[in-house]
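One structure below.
Nothing in this text is a laboratory measurement; each read-out follows from the coordinates by a stated rule. This is a predicted model, so every value here is computed, not measured. All Cβ positions, glycine included, derive from the backbone under ideal geometry; neighbour counts span all protein chains shown.
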Amino acid sequence: MADVLGIHGVGNLQVGLQPERAAAAIARRWADSMSVHGLPATEHVEVAYYSHLLITEHFHGSADILLESPEVTRLLAPWVAAMGYREEVTSGRATQPVRQMCSWLAVKYRLDHALVRRFVAIYLKEVHEYFHNERCVHQRISARDLVGAAIRRCAPRVVIAHSLGSAIGYEALWSNPDLHVDTLITLGSPLGMPHVVFDRLEPPPQDGKGAKPPNVATWLNVADVGDLVAIPTHLSKHFKGLSVDIETSIGMFDFHRVSSYLRSPLVGEVLTNGLTGRWQ
């Protein structure tokens with residue numbers, strides 16, 4: 001049993017650790033971040049760990065090597081287009097447009113160029129493996145089943161899903177109608193990202209709209225105004241039944257980090273209300 005079950009986001013492969021130990025290590029970090037809110041219940045935190053199911057050997061390498069992969073190139077264009085990027089005529093190597101798009105992101109969000117390149121490469125690699133790699137359908141099902149099993153086993157009062165984990169959690173809840181979650185909190189979620197995530201969801205959106213899983217009582221979404229992944233920030237425009245949709249700021253250089261989300265006063269308030277049943 002756990003008061004809070006977390007579903008982690010991208011970049012969480014724990015090299016050299018068995019899945020159970022990896023999950024425990026991430027859970028300790030989540031609990032430490034949430035402890036700033038003084039909630040005794042957050043001492044009982046578990047995390048559904050799925051990275052070992054998605055990440056394979058070809059992920060290894062520098063950011064520049066990863067950025068040259070065709071799957072990253074294919075997903076980067078619609079992602080930055082959703083943020084307002086307009087393609088310009090370029091010359092030179094075929095990878096130049098990719099570098100140009102990453103530079104545009106860095107300038108737009110006032111971030112270090114190397115950080116952006118690395119983040120883009122890792123994020124899009126994992127998104128590709130889950131949503132776009134037809135050869136890895138079994139991995140998608142396995143990750144979704146793992147998250148569903150964790151919810152069933154832990155019976156948490158609150159589920160917090162971050163980044164790609166929000167998409168996996170969304171699909172897990174839809175595919176396991178026997179589950180019940182009182183409060184679902186999504187942080188830095190890409191669920192509404194056109195062509196990259198939104199259009200690939202199972203079940204697919206109907207008439208341009210997704211919907212709150214029927215086995216979730218209350219769904220709250222929190223997005224940082226500068227989060228490259230939470231595009232668009234307001235999911236209520238694309239999902240029916242979302243209860244609370246909040247835009248906030250977690251820090252200039254912490255645009256997507258889960259620890260920054262979990263430590264923010266706003267998320268503390270949302271979490272407190274979820275744990276005390278005030279959203280019900």
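Results, tabulated for the structure shown:
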item	result
Residues T73 and R135, FRET efficiency given R0 of 25 Å [Cβ-Cβ distance, rounded to 0.05]	0.85
Counted charge near I246, where neighbours are those whose Cβ lies closer than 14 Å (Asp, Glu -1; Lys, Arg +1)	-4
Lys/Arg +1, Asp/Glu -1 at C-beta; segment 139-270 dipole; positive extreme among V225, V159, S264	V159
Net charge of Cβ neighbours under 12 Å - reference A230; Lys, Arg +1; Asp, Glu -1	-4
Label-point separation, A24 to T248 (7 Å along Cα→Cβ), nm	3.0
Helix 19-34 vs. the chain, principal-axis angle (Cα, 0 to 90°, nearest 10)	80
Proximal lysine pairs, the chain, alpha carbons under 19 Å, eight or more residues apart or interchain	4
Test item: Cα-centred dipole of segment 134-280, Lys/Arg +1 and Asp/Glu -1 on Cβ, debye	280
The chain - share of DSSP beta bridges that are antiparallel (%, nearest 5)	5
Helical mean residue ellipticity (222 nm; -39500 (n - 2.57) per DSSP H run of 4+; nearest 500) of the chain	-12500 deg cm²/dmol
